[in-house]
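To keep things clear, I will list the structure first and then write my remarks on it.
The values are calculated or read from the model by the stated rules, or taken from the named source; none is laboratory data. Keep in mind the model is a prediction, meaning the values are calculated, not measured. Note that we place each Cβ from the backbone using ideal geometry, even for glycine, and neighbour counts take in every protein chain shown. The accessibility values were calculated without ligands, DNA or RNA, using every heavy atom of the protein model including side chains. Shrake-Rupley method; radii C 1.70, N 1.55, O 1.52, S 1.80 Å.
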Amino acid sequence: DIQMTQSPSSLSASVGDRVIVTCRASQGISNYLVWFQQKPGKAPKSLIYGASNLQSGVPSRFSGSGSGTDFTLTITSLQPEDFATYYCQHFNSYPLTFGGGTTVEIK
Amino acid sequence: EVQLVESGGGLVQPGGSLRLSCAASGFTFSDRYMDWVRQAPGKGLEWVGRSRNKANSYTTEYAASVKGRFIISRDDSKNSVYLQMNGLKTEDTAVYYCVGAARYSGHYFSDYWGRGTLVTVSS
């Protein structure tokens, strides 16, 4: 199975900050990676698929990059509604696996 | 508008069975792969399994943790997908999400999510 490792597990940031979350796959997954945002008590929402393609309706301050084993999710100019937990997931092969999550908290 | 509505969650004793349902609307259900994903209280996300579409013979894939105990099926005439859970264990306690998968470059990723239904396994 492919293991997905996210870092950091949590971070504190202020409104307006640039935030970077990383996700590493235990083996190459090309660009078959998706990023999700989850707010407390809510279902996850997909933000970016194919490592770098922004979902419709997602603000352009979100971006993704990477290929192979190393990926990043970047939020430029963090907004109050961005405080949430972020997960990566690969869809290269079965079983699909998620990273452990990164919680972005208010500083 | 895409909607996925899960039902069937509840309290069940260890060793028991439960069947979850998911009703879909707002997209062409028969074309889609459908996933189940779960989240234990206070924990991260865990992919449970997938049903492929008719074009791919409705074949299924499962996580090792549920293989042999859980069965995913679907009824395209009812725009519904199901998760039959047998031999339930306390560690199966979680919110179960129904998820519609979208295609990207020949692969499918979890895209549209329902609100989830809580399954509690306890004596």
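Structure above, values below:
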| read-out | value |
| --- | --- |
| Most mobile of A:LEU78, A:LEU54, A:LEU96 in a GNM of chain A (Cα contacts under 10 Å) | A:LEU96 |
| Translational diffusion of region A:1-59, µm² s⁻¹ [Kirkwood Rh, Cα pairs; Stokes-Einstein; 20 °C; 1.002 mPa s] | 160 |
| Within the accessible area of region A:28-107 (1.4 Å probe), percent carbon and sulfur | 47 |
| Cα→Cβ-extended label distance, 7 Å offset, between A:SER65 and A:ASN92, nm | 2.0 |
| Average accessible area per residue (Å²) across chain A - probe 1.4 Å, nucleic acids and ligands excluded | 44 |
| B:LYS78-B:THR28 pseudo-label distance in nm [points 7 Å out on the Cα-to-Cβ vector] | 2.4 |
| Solution diffusion estimate, µm²/s, Stokes-Einstein, region A:21-99, Kirkwood Rh from C-alpha pairs, 10 °C, viscosity 1.306 mPa s | 125 |
| Where labels lie 7 Å past Cα in the beta-carbon direction, separation of A:SER7 and B:ALA55 in nm | 4.1 |
| Inter-chain shielding of A:27-34 (mean C-beta neighbours from other protein chains, 10 Å cut-off) | 2 |
| Of all accessible heavy-atom area on chain B, the percent that carbon and sulfur account for (1.4 Å) | 45 |
| Local net charge near A:TYR94, Cβ-Cβ under 12 Å (Lys/Arg +1, Asp/Glu -1) | 0 |
